[in-house]
Amino acid sequence: MSGTARIGVTGLAVMGRNLARNFARNGLTVAVHNRTAARTRALVEDFGDEGTFVACESAEDFVAALERPRRLVIMVKAGAATDAVIDEFVPLLEEGDVVIDGGNAHFEDTRRREKALREHGIHFVGAGVSGGEEGALNGPSIMPGGSAESYDSLGPLLERIAARAPDGSPCVTHVGPDGAGHFVKMVHNGIEYADMQLIAEAYHLLRAVAGYSPARIAETFRTWNTGRLDSYLIEITAEVLAHTDAATGKPFVDVVADRAEQKGTGRWTVQTALDLGVPVSGIAEAVFARSVSGHAELRESSRGLPGPEPAALDEREAARFADRVEQALYASKIVSYTQGFHQVRAGSEEYGWDIDAGAVAAIWRAGCIIRAAFLDRIREAFDARPDMPSLLTDKRFGEEIGAAQDDWREVVATAARQGVPTPGFSAALAYYDALRAERLPAALTQGQRDFFGAHTYRRTDREGAFHTLWAGDRSEVAAD
């Protein structure tokens, strides 16, 4: 078999199949392969008119179908399955070939794989692909990491299939070396968790406190989507809330069990943030909110606990409250992105990736799940100040969050008084106030640590580490 295919895709479940079709639709000859050959044949039979496919039933045929340097995309389940595919294909590859993992791999696995394949002279690219099955087919946001040389070979092909931002630029960039791409995709998913939680809390408040029906909340979200909250998640939220269950005639959200599931990338974001010492409290609360929702027995046993019952407002107050919720949602959303970009910066510094935050914001403007209108402003802010420590220090975002904070505080206070849980809104506000505080109670915490564990402390008036002899005369001794 002659090497005529510009790129190959192995693993033809929904995401892999749609990615292969996307390449073919954009004029590339695509080699396709699956462990079950029937799936390969079905793709060509069903979609062969969309472009040029080379169906391959063996690993050897698949590799032989690819032009040099070979570019091979793996679209299988993360973990052991990915390692198994790599082990199968690497002996068939040659120096300079490029292996691309387009799954949701943990970035540490990607770093390990990149190092191992580099020893064989083979480039390994961990590419985050966001947008779900629709994005894979019609244009995802793509976050590839790996060597600059691998991107020289692969980048032009990815640019053909990526989503296009409003200014026409492709939503793909070389994020950085080894695991940088999968790291950024992980943080993207963490922000996604936070964003979804905040939207859910806004819905809960509008229903429990404002007394709005799901259909009316859908219209509220549609209105919000025409303004500064314009985003994919706000758009689909309106669709979900407007949907009526065909079997019962009830609002769709009332027949869905209130137990949210997760695949793990949100947990990875929080775990990695802890390792890096980065506060991502909003993302963490979103992960824990899903966890709480799944503990059915714990929730059932606790329903009799004392607390207020939400009381719906009158029509005028409800409308005013809805406006406040919009302010709280917007302010909390800024905090979520602030925390996410802080983690990207910390990871970049820890691993020496030199990630361009503005470029990351640019490729999230279309194709991905967290795509939102204000990402263009985030890109502009980081382009103007690449070393900006926080989005909150950007003049325009700072002014907007300042204008929103009275309503934001009122929403959090109302939720507490009415007994409506808002862990996302509350955590975002606490983070904002922690950053703006002149002093935090951490001084007392450090004093406690020194008392029971001689962990030492720093002083405000001179350099060095110190320890107080708490069991003796309580004199201070230098610990350095």
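General observations
- Furthest towards positive pole of dipole, Ala381, Gly304, Trp353, structure part the chain, Cβ charges: Gly304
- In a simple Cβ point-charge model (Lys, Arg +1; Asp, Glu -1; nothing else charged), the chain has a dipole of about 460 debye relative to its Cα centre.
- The local environment of Asp83, defined by Cβ-Cβ distances under 12 Å, has a net charge of -1 under the rule Lys, Arg +1 and Asp, Glu -1.
- Part-to-part distance (alpha-carbon centres) for the stretch 388-437 and the stretch 1-78, which is given in Å: 48
- Across the chain, the convex hull enclosing all Cα atoms gives 200 Å³ per residue.
- Sorted peptide list for 181-193, 408-420, 353-365, criterion being average Cβ within 10 angstrom, highest first: 181-193, 353-365, 408-420
- Other residues within the sphere of radius under 11 Å centred on the Cβ of Ser291, judged by their own Cβ, net out at +1 (K and R +1, D and E -1).
- Expressed per residue, the C-alpha convex hull volume of the stretch 354-461 stands at 207 Å³.
- Each 10 Å bin from 0 upward holds the following percent of the Cα-Cα pairs of the stretch 246-340: 12, 25, 37, 23, 3.
- Local electrostatic count at Gly51 - Lys and Arg +1, Asp and Glu -1, tallied over other residues with Cβ under 9 Å: 0
- Gain on full stretching of the segment that runs from Ser390 to Phe288 - 0.36 nm per residue minus C-alpha separation: 34.3 nm
- Convex hull projection area averaged over all views, the stretch 204-259, Cα basis, nm²: 4.2
- On Cα atoms only, tilt of 148-161 relative to the major axis of the chain in degrees: 90
- Rg(Cα)/(2.2 N^0.38 Å) for the stretch 80-151, N = residue count: 1.12
- For the chain, the number of Lys pairs separated by eight or more positions or lying on different chains, with C-alpha atoms closer than 19 Å, is 5.
- Spread over its residues, the convex hull of the C-alpha atoms of the stretch 22-171 is 111 Å³ per residue.
- In the chain, the DSSP beta bridges split such that about 35 percent are antiparallel, to the nearest 5.
- Gyration tensor verdict on the stretch 336-397 (Cα atoms; rounded if a/c is under 1.5, prolate if a/b is larger than b/c, oblate otherwise): oblate
- Kirkwood hydrodynamic radius over Cα pairs of the stretch 161-219, then Stokes diffusion coefficient at 10 °C and 1.306 mPa s, in µm²/s: 109
- The alpha carbon centroids of the stretch 245-273 and the stretch 134-195 are separated by 26 Å.
- Ordered from longest to shortest, the equivalent ellipsoid semi-axes for the stretch 395-443 are 20, 17, 8 Å, each the square root of 5 times a Cα gyration tensor eigenvalue.
- Across the protein chains, with a 1.4 Å probe defining accessible surface, the residues Val335, Val477, Val54 rank Val477, Val54, Val335 from largest area downward.
- Computed packing ranks the peptides 438-444, 148-154 as 148-154, 438-444, most packed first, by mean other Cβ atoms within 10 Å.
- 37 °C / 0.692 mPa s Stokes-Einstein diffusion coefficient of the stretch 29-103, Kirkwood radius on C-alpha pairs, µm²/s: 254
- Since only Val287, Gly179, Ala328 are under comparison, the one whose Cα sits farthest along the positive direction of the charge dipole of the chain, derived from C-beta charges on Lys, Arg, Asp and Glu, is Ala328.
- Rotationally averaged projected area of the stretch 150-282 (alpha carbon convex hull; nm²): 11.5
- Close amide H pairs (under 5 Å, H built 1.01 Å from N) link Arg71 with Gly8, Val98, residues at least 5 positions away or on another chain.
- Residue-wise HN-Hα coupling along the stretch 181-194, computed from phi with Karplus coefficients 6.51, -1.76, 1.60 (Hz; x: Gly, Pro): x, 6, 5, 5, 5, 4, 5, 3, 5, x, 4, 4, 4, 4
- Among Gln262, Asn225, Thr272 the positive-end extreme of the charge dipole of the stretch 177-287 (Cβ point charges): Asn225
The values are calculated or read from the model by the stated rules, or taken from the named source; none is laboratory data. Computed from a predicted structure; not experimentally measured. Glycine also receives a Cβ, built like all others from the backbone with ideal geometry; neighbour counts cover every protein chain displayed. The accessibility values were calculated without ligands, DNA or RNA, using every heavy atom of the protein model including side chains. Shrake-Rupley method; radii C 1.70, N 1.55, O 1.52, S 1.80 Å.
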